[in-house]
Amino acid sequence: MENLVITNIQRMCFHDGPGIRTTIFFKGCAIHCPWCSNPENVYQEGFSGKADTIFNKKRLVSIDEVWNELMKDMPYWADGGGVTLSGGEFLLQSKNIRPLLEKIKGEGVHIAAETSLFANINNLKEVVDLIDFFFVDIKIMIPDLCKKVLGGDINTFLVNVKYLYDLGKINYFRIPCCKEYTLLEENVELILKLLDIFRGIPIQIFKIHDLARNKYKKMGIDYWSHEEVSDDDIDELRNRLTENSHSVEVIKI
Amino acid sequence: MQEKNTAVQNNSSTEERLEYSACFDQLMEQIEINLSEERFVYFIDYKCSMNSLGKRFDNFTPNYCRLLQNGLINMKYVSCDNKFCKDYNNVIDSIIKLIERIIESLEKVGSCSEKIEWFRRMKEHPAAGFYEAIQRVLFVNQLFWQTGHKLIGLGALDSYLLEYYRRDIDNNILTKEDVYSAISDVFRILHSDYKYKSNLLLGDTGQIAVIGKSNTSGEYIYNDLTEIVLRVIKELNQPEPKCVLRVNRNIPNELLQMALESIKTGNGSPLFANDERIIESLLDFGVDKEDAYEYVTSACWEPTIAGKSTSQNNITALNYVRALDNLLRRERVEKISSFEMLMDKYCSYLRRNIRSICRVIGQIRMQYDPLLSIFMEGCFENRKDVSHGGAVYHNVGITSVGMGNLIDSLLNIKELVFEKEQLSLIDVKKATVLNYENYSELKSDLKQKKSAYGLDKAEVIELTRKISQCAADELSQYCIGNDSRLKIGLSGSAYMDAGKRFNASFDGRGAGQPFIVHISNEKANGFTEVLNFSAQMDYKDAQFNGNVVDVMISPDFIDQNFEKMMNLVKAAIKVGFFEFQMNVVSSKILIEAKEKPELWPGLIVRVWGFSAYFNDLPTEYKNLLIERAIANEVA
């Protein structure tokens with residue numbers, strides 16, 4: 001039965017978890033970050049009726065179809081690699097995804113997930129036992145700004161973070177750095193407060209980039225112009241996190 | 001001295017055969033001896049060479065061990081009962097004359113007692129020490145370049161020099177660092193003449209050192225020399241000599257790490273040759289087991305047996321697109337009613353093309369070459385010159401171009417003509433024959449389509465295997481001469497030149513444009529896809545004459561993902577690629593180097609089986625590399 005909505009299955013991913021991975025990009029997201037480098041994954045049904053571009057096309061696939069594609073790279077998953085769930089927000093399709101995860105787990109394959117946790121907690125509970133490794137994004141913590149810019153309810157995020165943290169399942173926090181939002185002083189303070197509660201999780205920080213500019217153009221969406229994030233900006237955040245005894249790594253995505 | 005151009009016929013009369021040795025003798029007497037400050041003696045007098053009628057033997061690795069294990073006098077026939085043996089002995093005598101001239105020159109220079117002793121001992125004694133052994137290797141090597149041969153391989157340095165290394169290390173004559181220094185000197189010496197040595201393009205010299213190997217139990221065999229060669233390749237960071245690292249699934253991480261450290265510098269070495277696929281294909285071809293496990297590669301990457309094989313592995317290139325072009329031009333295409341029928345006809349034309357190639361190859365007469373016969377096992381024993389099939393192995397290798405363009409063309413025809421019925425075969429014929437005149441939109445659409453070649457999709461794999469097997473089956477019908485068999489591979493050097501002379505193909509490629517390079521696809525879903533594709537090809541039935549997966553990687557990529565790249569290569573060995581090389585380039589740097597070469601004098605790129613200075617390349621090669629680098633970065 002074709003009930004998974006995806007845009008792509010990307011092989012040979014080096015930044016989506018331990019080892020070499022194959023990442024499934026699920027279509028549809030509960031929020032819409034202005035800096036999103038995968039805008040084609042935001043809207044499950046396509047954007048503003050512009051369904052004729054490749055970036056608005058979705059793939060309705062069955063579990064078998066996904067599995068047949070995934071297993072091609074199984075030999076490369078030795079040394080800790082595996083499958084990563086990404087998107088969009090894979091949690092929005094938890095119910096349909098679960099049988100796929102059971103199949104993958106049945107083969108002894110490691111499963112990682114990248115999530116912003118803006119989804120109903122029941123969606124998270126649906127699949128959490130099958131996922132080995134979580135990257136959790138921390139973005140805009142200021143409630144009204146989160147609502148206005150991302151379209152997300154920060155409380156949803158907070159509930160999910162606590163749940164996942166208490167299960168001991170968060171492996172990394174990831175913070176996309178942009179001067180207009182996530183690096184605002186108020187936001188950084190709130191991030192530090194959050195991390196004070198949920199301690200002991202290593203953090204990856206990275207600059208947002210413009211590599212997706214063409215995608216936006218082809219989708220007919222105005223691209224959000226932003227200030228360039230400097231190395232100093234990154235260093236400043238890293239120093240603040242380190243001063244608060246957090247383990248921080250600067251990455252490039 | 002005047003340039004020599006003495007004609008000598010092989011298979012010829014007594015009088016004419018002696019002419020070879022007279023010519024060789026004159027060459028040895030008169031080439032200018034050029035002694036430098038280098039630790040080892042190595043010189044090539046560019047003004048002199050020798051030629052004879054027929055095609056010259058190139059693209060081989062001589063049996064350096066002959067001179068390592070024997071003095072020259074001991075290599076001679078005790079009694080001569082045929083003219084070949086007489087020439088053989090005469091050539092050795094002439095070499096000894098050159099040695100005596102070298103000794104005389106060294107004595108004049110003074111303070112060269114060690115070098116003098118090395119050359120003196122060459123006459124009657126085997127090599128005793130490591131430096132002496134290296135000097136002999138260089139001497140044999142220079143003899144072949146001096147006599148006009150091209151693409152002379154260095155062979156398995158870490159094997160045949162090992163006993164001398166161990167002897168000197170165990171006896172505290174040398175340290176590892178002494179050996180490192182010596183190998184560095186040798187590689188710098190070999191690099192210095194690269195322009196003279198280059199064949200088709202600057203850097204195409206065939207000076208390949210093949211290191212590492214497997215034993216029959218599947219264990220990985222390497223030693224200090226293997227590591228030293230890798231270190232030197234990395235540190236010198238020059239295009240010469242090239243290096244091929246034989247691998248198997250048990251290669252130690254430390255060695256793989258050293259290899260990747262070298263590759264990430266951008267010098268293009270080493271290329272990975274997978275023993276797990278290559279040895280079985282050599283055995284299937286009938287190579288003796290002991291020899292198969294000792295394989296090296298010839299000029300680019302064609303597996304061969306050092307010191308035993310005069311197989312000319314790059315004699316010509318088979319253009320896979322040609323048979324489709326022939327079909328479209330000659331057939332009543334409107335009568336072709338199905339893809340299966342098209343494929344049958346294609347294979348028929350392919351077989352016809354192969355027959356033509358074999359007829360031409362069969363006309364080739366190789367040069368009489370007693371010098372090569374001295375350093376090629378089998379000749380002494382059989383008392384036969386290499387041109388008469390004296391070497392243990394003397395087969396013929398064909399490379400290929402256009403397989404990728406063919407596969408894409410066939411799949412486009414299948415989809416657009418037979419499945420969607422949007423076009424007819426007449427449209428296909430017109431589009432390609434007329435170089436897309438009046439079909440510009442079609443050309444654009446086809447060009448924008450993602451190439452299917454190199455993707456691990458069942459249909460692509462099946463089609464490629466089918467066509468490759470068709471070629472192999474046809475080639476197996478032929479012998480060249482009495483017993484030279486033909487072999488073929490999927491990668492080749494002629495992608496640019498053959499493309500220049502060829503019509504448009506139904507994958508959006510215009511007339512005169514290059515063919516797809518080796519086994520590659522910059523828009524594949526990761527290198528794993530192309531590696532998987534390669535692993536699913538059949539390399540038996542003589543399909544082992546070079547099958548290289550070629551990927552473009554940006555310079556930071558390996559650095560930032562080092563451990564995962566190691567894991568990738570390790571897994572890919574088990575998955576079963578045949579050969580794998582990485583072209584570490586950035587489009588930004590390449591574009592800048594093209595516009596301002598003075599900013600990037602040492603920029604090295606991988607072309608086909610060799611690395612070259614980017615600035616040395618013709619413009620069309622630079623453009624293609626830039627195009628591929630951009631495609632990789634965008635993907």
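Considering only residues that are within 29 Å of residue A:227 (Cα to Cα), in contact (Cβ under 8 Å) with a residue 40 or more places away in the chain and facing chain B (nearest Cβ under 9 Å), look in region A:7-40 and name the one that is most open to solvent (accessible area, probe 1.4 Å). Only one residue fits best here, namely A:15.
Restricting attention to region B:487-521, and to residues there that are part of a helix (DSSP H, G or I) and out of contact with any strand residue (DSSP E or B) (no Cβ under 6 Å at 6 or more places or on another chain), which single residue is most open to solvent (accessible area, probe 1.4 Å)? The selected residue is B:500. Cβ-Cβ distance below 8 Å, separation of 6 or more or different chains: which pairs start in region A:78-93 with a residue that is touching a residue at least 12 places away in the same chain (Cβ under 8 Å) and end on one that is small (Gly, Ala, Ser) and part of a strand (DSSP E or B)? Between residues of region A:78-93 that are touching a residue at least 12 places away in the same chain (Cβ under 8 Å) and residues that are small (Gly, Ala, Ser) and part of a strand (DSSP E or B), the close pairs are A:82/A:112; A:83/A:112; A:84/A:112; A:84/A:113; A:85/A:112; A:85/A:113; A:86/A:113; A:90/A:113.
Within the bounds of region B:538-546, is there any residue that is open to solvent by less than 50 Å² (accessible area, probe 1.4 Å), in contact with a Cys (Cβ under 8 Å, 6 or more places away or on another chain) and touching a residue at least 40 places away in the same chain (Cβ under 8 Å)? Yes, region B:538-546 has at least one match.
Spot the failing condition for residue B:450; the list is (1) in contact (Cβ under 8 Å) with a residue 12 or more places away in the chain; (2) of a type outside the set (S, T, N, Q); (3) in a helix (DSSP H, G or I), and only one is missed. Going through (1) in contact (Cβ under 8 Å) with a residue 12 or more places away in the chain; (2) of a type outside the set (S, T, N, Q); (3) in a helix (DSSP H, G or I) one by one, residue B:450 breaks only (3). Residues that are closer than 25 Å to residue B:119 by Cβ, within 17 Å of the chain's Cα centre (by Cα) and assigned to a helix (DSSP H, G or I) do not occur anywhere in region B:167-179. Residues in region A:165-223 that are among the acidic types (Asp, Glu) and in contact with a helix residue (DSSP H, G or I) (Cβ under 8 Å, 6 or more places away or on another chain): A:222 only.
Let me confirm something: among A:136, A:161, A:248, A:149, which residue is touching a Leu at 6+ places or on another chain (Cβ under 8 Å), farther than 21 Å from residue A:85 by Cα and surrounded by 15 or more Cβ atoms within 10 Å (Cβ to Cβ)? Can you show your working first?
Values: A:136 fails: farther than 21 Å from residue A:85 by Cα; A:161 fails: farther than 21 Å from residue A:85 by Cα; A:149 fails: touching a Leu at 6+ places or on another chain (Cβ under 8 Å).
After ruling out the rest, the residue left standing is A:248.
I need every pair where a residue in region B:380-405 that is over 18 Å from residue B:356 (Cβ atoms) has its Cβ under 8 Å from the Cβ of a residue that is among the basic types (Lys, Arg) and part of a loop (DSSP other than H, G, I, E, B), sequence separation at least 6 or different chains. Going by the 8 Å Cβ cut-off, the qualifying pairs are B:387/B:365; B:390/B:383; B:390/B:384; B:391/B:308; B:392/B:308; B:393/B:308; B:395/B:485; B:405/B:509.
Per this entry, residue B:133 is not counted among residues that are open to solvent by 10 Å² or more (accessible area, probe 1.4 Å) and either assigned to a loop (DSSP other than H, G, I, E, B) or within 26 Å of residue B:209 (Cα to Cα) (or both). Hey, could you check region B:45-63 for residues that are under 17 Å from residue B:134 (Cβ atoms) and touching a Phe, Trp or Tyr at 6+ places or on another chain (Cβ under 6 Å) and say which is most open to solvent (accessible area, probe 1.4 Å)? Once the filter is applied, the top-ranked residue is B:63. Inspection of region B:482-496 finds no residue satisfying the criterion of being within 18 Å of residue B:544 (Cβ to Cβ), within 14 Å of chain A (Cβ to nearest Cβ) and modelled with pLDDT of 95 or more.
Among the listed residues A:102, A:107, A:126, which satisfies the condition of being crowded, with 17+ Cβ neighbours inside 10 Å, away from chain B (no Cβ under 14 Å), over 22 Å from residue A:32 (Cα atoms) and touching a helix residue (DSSP H, G or I) at 6+ places or on another chain (Cβ under 8 Å)? Walk me through it before giving the result.
Working: A:102 fails: crowded, with 17+ Cβ neighbours inside 10 Å; A:107 fails: crowded, with 17+ Cβ neighbours inside 10 Å.
Exactly one of A:102, A:107, A:126 is crowded, with 17+ Cβ neighbours inside 10 Å, away from chain B (no Cβ under 14 Å), over 22 Å from residue A:32 (Cα atoms) and touching a helix residue (DSSP H, G or I) at 6+ places or on another chain (Cβ under 8 Å), namely A:126.
In region B:217-235, the condition of being closer than 23 Å to residue B:167 by Cα, under 20 Å from the mean Cα position of the chain (by Cα) and among the charged types (D, E, K, R) is met by no residue. Based on this model, can you work out whether residue B:160 counts as more than 29 Å from residue B:22 (Cα to Cα), touching a Cys at 6+ places or on another chain (Cβ under 6 Å) and in contact (Cβ under 8 Å) with a residue 60 or more places away in the chain? Yes; evaluated as a whole, the condition is true for this residue.
Give the residues of region B:352-400 that are among the basic types (Lys, Arg) and either assigned to a loop (DSSP other than H, G, I, E, B) or open to solvent by less than 10 Å² (accessible area, probe 1.4 Å) (or both), sorted by residue number. Even if it seems obvious, please write down each step before you answer.
At the first step, the residues of region B:352-400 found to be among the basic types (Lys, Arg) are B:352, B:355, B:359, B:365, B:383-384.
If the condition is that a residue be among the basic types (Lys, Arg) and either assigned to a loop (DSSP other than H, G, I, E, B) or open to solvent by less than 10 Å² (accessible area, probe 1.4 Å) (or both), then B:365, B:383, B:384 are the ones that fit.
Which one of B:273, B:306, B:259 is within 22 Å of residue B:162 (Cβ to Cβ), part of a loop (DSSP other than H, G, I, E, B) and not β-branched (Val, Ile, Thr)? Write out each step before concluding.
Numbers: B:273 fails: part of a loop (DSSP other than H, G, I, E, B); B:259 fails: part of a loop (DSSP other than H, G, I, E, B).
Result of the check over B:273, B:306, B:259: B:306.
Note on region B:291-324: among residues that are under 15 Å from residue B:210 (Cβ atoms) and aromatic (Phe, Trp, Tyr), the one that is surrounded by the fewest Cβ atoms within 10 Å (Cβ to Cβ) is B:293.
For region B:536-551, name all the residues that are at negative phi and either touching a strand residue (DSSP E or B) at 6+ places or on another chain (Cβ under 9 Å) or of a type in the set (Phe, Trp, Tyr) (or both). B:537, B:539, B:543, B:544, B:545, B:547, B:548, B:549, B:550, B:551, listed by residue number. Would you call residue B:553 β-branched (Val, Ile, Thr) and open to solvent by 10 Å² or more (accessible area, probe 1.4 Å)? Taking the combined requirement at face value, the residue does not satisfy it.
Taken together, the residues in region A:175-204 that are within 17 Å of residue A:136 (Cβ to Cβ) and among the aromatic types (Phe, Trp, Tyr) amount to 1. Scanning region B:72-93 for residues that are open to solvent by 60 Å² or more (accessible area, probe 1.4 Å), part of a loop (DSSP other than H, G, I, E, B) and within 19 Å of residue B:140 (Cβ to Cβ) yields a count of 0.
One line per residue, one yes/no per condition, for (1) outside any helix (DSSP H, G or I); (2) without any contact (Cβ under 8 Å) to a residue 12 or more places away in the chain; (3) within 14 Å of chain B (Cβ to nearest Cβ):
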residue: A:171; (1), (2), (3): yes, no, no
residue: A:187; (1), (2), (3): no, no, no
residue: A:196; (1), (2), (3): no, no, no
residue: A:205; (1), (2), (3): yes, no, no
residue: A:214; (1), (2), (3): no, yes, yes
residue: A:224; (1), (2), (3): yes, no, no
residue: A:237; (1), (2), (3): no, no, no
residue: A:241; (1), (2), (3): no, no, no
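Out of B:558, B:591, B:604, one residue alone is open to solvent by 40 Å² or more (accessible area, probe 1.4 Å) and among the β-branched types (Val, Ile, Thr). It is B:591.
Okay, residues lined up against (1) modelled with pLDDT under 95; (2) over 17 Å from residue B:498 (Cα atoms); (3) open to solvent by less than 50 Å² (accessible area, probe 1.4 Å):
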position: B:402; (1), (2), (3): no, no, yes
position: B:406; (1), (2), (3): no, no, yes
position: B:410; (1), (2), (3): no, yes, yes
position: B:416; (1), (2), (3): no, yes, yes
position: B:419; (1), (2), (3): no, yes, no
position: B:422; (1), (2), (3): no, yes, no
position: B:429; (1), (2), (3): no, yes, no
position: B:433; (1), (2), (3): no, no, no
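The values are calculated or read from the model by the stated rules, or taken from the named source; none is laboratory data. These numbers come from a predicted model, not from an experiment. Cβ coordinates were reconstructed from backbone atoms using ideal geometry, including for glycine residues, and neighbour counts include every protein chain displayed. Each accessible area value is taken on the protein alone, full model and side chains, heavy atoms only, with ligands, DNA and RNA left out. Shrake-Rupley method; radii C 1.70, N 1.55, O 1.52, S 1.80 Å.
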